[in-house]
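Can you keep this structure in mind? I'll have questions shortly.
The values are calculated or read from the model by the stated rules, or taken from the named source; none is laboratory data. It should be emphasised that the depicted structure is a prediction, and the values quoted were computed from it without experimental measurement. Note that each Cβ is placed from the backbone with ideal geometry, even for glycine, and that neighbours are counted across all protein chains shown.
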Amino acid sequence: MNEEQVSLLLKSAALFPPPHGVKLSYGTAGFRADASLLQSAVFRVGILAALRSFKTQSVIGLMITASHNKVTDNGVKVADPNGGMLSQDWEPFADKLVNASTPQLLVSLIVEFIKKENIRLAGKPSAEVWLGRDTRPSGESLIEAAKEGINSIIGAAVLDFGVLTTPQLYWMVRARNKGWKATEQNYFEQLSSSFRCLMDLTPNGIKVNEEDDKLIVDGANGVGGEKLEILNNMLNNLAIEVRNCGNDGGILNEGVGADYVQKEKVIPRGFGSKDVGKRCASLDGDADRLVYFSVLSDLSNKVDLVDGDKILSLFAIFVKEQLSILYKGADPETHSSYQARVGVVQTAYANGASTDYLKQSGLEVVLTPTGVKFLHEKAAQYDIGIYFEANGHGTILFSDGFLSWLEAKNNELASISEGSEEQKAALRLLAVSRLINQAVGDALSGLLLVESILQYKGWSVHKWAGLYEDLPSRQLKVKVVDRTAVVTENAETVVVRPLEIQDAIIAETAKYPRGRSFIRPSGTEDVIRVYAEASTQEAADNLANSVAMLVDRYLGYGSSG
Ligand code: G16
């Protein structure tokens, strides 16, 4: 690193001192904290993103968001060249960089890392970072800190796209690095045209969504509602009403949004008895999660939740059905030479009933730890990898090899049996690969895929919800002294440290028929999360409460004795 670069870094780093006594760590999806603590971290992640761009010779994305967390929090996520999360082997560097106490230490870490990674910095613009932010008020000044960080690496250029959903930015980064059209407008056009294509391929006789069958969407008072309105104007065969857009004084994620609806299983603000039985959906704060629900009629404020597991199930059975149509009647010698490997990826939060359903449907199911970075990696090992967390974060990945085969197959079918069921199945799968955001889970593209599959099948939200019956479950969070004291294994299903707590959880769980429970440290909040399921809601609640008390006793402030 030359002298000019060193002095530029020292000078700019001095303007962004890290807050005293605060240690930040790279969590489930980047750094998150109260927004007032993040100026320095975001500045430094700007530096990291520029270095990553030099290293990969590709455009890198940097998103300012704290997603489902409260409005006063914020955070920073990095999009790698393929539109996925930052490569995990750079996370330790991110940790060290963000926590370096002085500008001198920061520079020496960078010098050492550049050497280790063999990164060649160059004077002319040969690195580029694309920026986006959600609607949090703190986003504006944090974006400026990110720009300062990027600009303190000579030769790194920055493009600021303003307010975007996280999946939009990740989609754009992926598209840009693949040499495709990559603007926000291109994103909307690709989603709306592939949705139209899927709707045109619905079997005859299925009615087009009318005003009285409209979908009502809770935008979490965030960016998703605003972007969905734009998309909605480009669709003519789907009626959507968007509520909680954030323009009527509602607060981001407060009593609204996918995280709230999924965890509490109650209606979000802005919904009520007038909506009983209707098909509704909720997005989260940066629109990378989606859940569906319908309002129950018992005045209890409860919803019949259709969570990420059921979205996953709907997608998986649709894909499987299209593949079997495609293979049906094919000459095994010539047509079925490519048997796509389909894999379904879940986490320990997946409802036990969903895993049973998927396995009974003949699908291969694997578990990973929480965090799309883990699920995405696993799903990418299949020809068609479908992953979802129960919280509604997920997508479908298609391998390049399978997509080229599918294109060729479609061309072949078009020449010998245009308009056949087989060809329509090929066209549907191709449309799905364009509609679904293959960079990351995306509430908007996921929502359009759900809608087109419901249309195709002629299913109501109730029919879909009845695909299988969820085992009653409960999630809780417990504040502890140090959440890093908990270490888990086997996709977070067992605690290996402190060992005594695992024995206690096993003993507690054994008291409940169909009982299952696990704990894990959150990677986005300073808490331990507790999950329990059992054969009745009361039993699931009791099990969750008992395990939460164990957590408090072993790791907390001991309030439960
Ligand atoms: C992030 C991750 C998700 C994860 C969630 C919760 O979501 O992208 O994969 O499920 O955090 O993480 P934790 O339980 O560790 O707090 P988001 O939507 O907040 O970016």
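Report, by residue number, each residue of region 65-81 that is within 12 Å of the ligand (Cβ to nearest atom) and part of a loop (DSSP other than H, G, I, E, B).
Listed by number, the residues that qualify are Thr65, Ala66, Ser67, His68, Asn69, Lys70.
Tell me yes or no: at least one residue of region 52-67 is of a type in the set (Gly, Ala, Ser) and either surrounded by fewer than 22 Cβ atoms within 10 Å (Cβ to Cβ) or farther than 24 Å from Gly371 by Cβ (or both). Steps first, answer last, please.
The initial filter retains those residues of region 52-67 that are of a type in the set (Gly, Ala, Ser), namely 53, 58, 61, 66-67.
Keeping just the survivors that are either surrounded by fewer than 22 Cβ atoms within 10 Å (Cβ to Cβ) or farther than 24 Å from Gly371 by Cβ (or both) gives 58.
Within region 52-67 (the criterion being of a type in the set (Gly, Ala, Ser) and either surrounded by fewer than 22 Cβ atoms within 10 Å (Cβ to Cβ) or farther than 24 Å from Gly371 by Cβ (or both)), the answer is yes, since at least one residue qualifies.
Oh, and also: If I go through region 351-407 residue by residue, how many of them are touching a strand residue (DSSP E or B) at 6+ places or on another chain (Cβ under 6 Å), farther than 18 Å from Asp470 by Cβ, away from the ligand (no atom under 12 Å from the Cβ) and part of a helix (DSSP H, G or I)?
Number of matching residues: 2.
Which pairs turn up if I take residues in region 479-495 that are closer than 22 Å to Gln346 by Cα and look for partners that are among the acidic types (Asp, Glu) and part of a strand (DSSP E or B) with beta carbon separation below 9 Å, at least 6 apart in sequence or on another chain?
Hits for this filter: Val495/Glu489.
Against the condition over 14 Å from Trp130 (Cα atoms) and away from the ligand (no atom under 16 Å from the Cβ), how does Ala94 come out, does it pass?
The answer is no for Ala94.
Residues checked against (1) at pLDDT below 95; (2) buried (at least 24 other Cβ atoms within 10 Å of the Cβ); (3) of a type in the set (D, E, K, R):
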position	(1), (2), (3)
Trp130	no, yes, no
Arg133	no, yes, yes
Ser141	no, no, no
Ala146	no, yes, no
Trp171	no, yes, no
Thr183	no, no, no
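Residues to consider are Thr488, Thr524, Thr484; find the one that is within 15 Å of the ligand (Cβ to nearest atom), among the β-branched types (Val, Ile, Thr) and part of a strand (DSSP E or B). Let's see the steps before the verdict.
On the way: Thr524 fails: part of a strand (DSSP E or B); Thr484 fails: part of a strand (DSSP E or B).
Result of the check over Thr488, Thr524, Thr484: Thr488.
Additional query: Given the condition among the aromatic types (Phe, Trp, Tyr), in contact with a strand residue (DSSP E or B) (Cβ under 8 Å, 6 or more places away or on another chain) and more than 30 Å from Glu4 (Cβ to Cβ), answer yes or no: does some residue in region 172-194 qualify?
To start, the set of residues in region 172-194 that are among the aromatic types (Phe, Trp, Tyr) comprises 180, 187-188.
Among the residues that remain, those that are also in contact with a strand residue (DSSP E or B) (Cβ under 8 Å, 6 or more places away or on another chain) are: none.
The answer is no; no qualifying residue exists.
Here's a follow-up. Considering only region 380-404, state which residues are under 10 Å from the mean Cα position of the chain (by Cα) and farther than 22 Å from Asn351 by Cα.
Passing the criteria: none in range.
Please count how many residues of region 398-414 are among the aromatic types (Phe, Trp, Tyr) and without any contact (Cβ under 8 Å) to a residue 24 or more places away in the chain.
Selection size over region 398-414: 0.
If I ask for residues that are surrounded by 18 or more Cβ atoms within 10 Å (Cβ to Cβ) and within 27 Å of Thr28 (Cα to Cα), which ones from region 535-553 would you list?
If the condition is that a residue be surrounded by 18 or more Cβ atoms within 10 Å (Cβ to Cβ) and within 27 Å of Thr28 (Cα to Cα), then Ala540, Leu543, Ala544, Ser546, Val547, Ala548, Met549, Leu550, Val551, Asp552 are the ones that fit.
Can you give me the ranges of the helices (runs of 4 or more DSSP H) entirely in region 416-466 with at least 1 residues that are out of contact with any Asp or Glu (no Cβ under 8 Å at 6 or more places or on another chain) and over 22 Å from Ser354 (Cα atoms)?
Numbers: elements: 421-435, 443-457, 461-465.
Those helices (runs of 4 or more DSSP H) span 421-435, 443-457.
Before we move on, is Pro498 over 27 Å from Gly27 (Cα atoms) and away from the ligand (no atom under 15 Å from the Cβ)?
No: the conditions fail for Pro498.
Yes/no matrix, rows are residues, columns are (1) of a type in the set (D, E, K, R); (2) without any contact (Cβ under 8 Å) to a residue 60 or more places away in the chain; (3) over 30 Å from Asn221 (Cα atoms); (4) away from the ligand (no atom under 16 Å from the Cβ):
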position: Arg32; (1), (2), (3), (4): yes, no, no, no
position: Thr56; (1), (2), (3), (4): no, yes, yes, yes
position: Gly83; (1), (2), (3), (4): no, no, no, no
position: Gln88; (1), (2), (3), (4): no, no, yes, no
position: Thr102; (1), (2), (3), (4): no, yes, yes, yes
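Given the criteria among the β-branched types (Val, Ile, Thr), crowded, with 16+ Cβ neighbours inside 10 Å and at pLDDT below 95, does Val372 qualify?
yes
In addition: For Glu189, work out the one condition from (1) away from the ligand (no atom under 16 Å from the Cβ); (2) outside any strand (DSSP E or B); (3) of a type in the set (Asp, Glu); (4) over 30 Å from Glu418 (Cβ atoms) it doesn't fulfil.
(4)
Another question, then. Could you please find all residues in region 271-295 being within 16 Å of the ligand (Cβ to nearest atom) and over 21 Å from Met63 (Cβ atoms)?
Result: Ala281, Val291.
Among the candidates Leu38, Leu24, Leu8, Leu15, single out the residue that is surrounded by 14 or more Cβ atoms within 10 Å (Cβ to Cβ) and more than 16 Å from the ligand (Cβ to nearest atom).
Step by step, each of Leu38, Leu24, Leu8, Leu15 is checked, and only Leu8 is surrounded by 14 or more Cβ atoms within 10 Å (Cβ to Cβ) and more than 16 Å from the ligand (Cβ to nearest atom).
Does any residue of region 365-384 turn out to be under 22 Å from Val530 (Cα atoms), of a type in the set (Asp, Glu) and in contact with a helix residue (DSSP H, G or I) (Cβ under 8 Å, 6 or more places away or on another chain)?
no
Taking the stated definitions as given, is Ala175 touching a helix residue (DSSP H, G or I) at 6+ places or on another chain (Cβ under 9 Å), outside any helix (DSSP H, G or I), crowded, with 17+ Cβ neighbours inside 10 Å and outside the structural domain of His20 (by TED's automatic domain parsing)?
Answer is no for this residue.
So which residues in region 269-294 are touching a Gly at 6+ places or on another chain (Cβ under 8 Å) and crowded, with 24+ Cβ neighbours inside 10 Å?
Ser282, Leu283, Asp284, Gly285, Asp286, Ala287, Asp288, Arg289, Leu290, Val291 - these are the residues of region 269-294 that are touching a Gly at 6+ places or on another chain (Cβ under 8 Å) and crowded, with 24+ Cβ neighbours inside 10 Å.
At negative phi, under 26 Å from the mean Cα position of the chain (by Cα) and modelled with pLDDT of 95 or more - does that describe any residue in region 107-126?
Among the residues of region 107-126, not one is at negative phi, under 26 Å from the mean Cα position of the chain (by Cα) and modelled with pLDDT of 95 or more, which makes the answer no.
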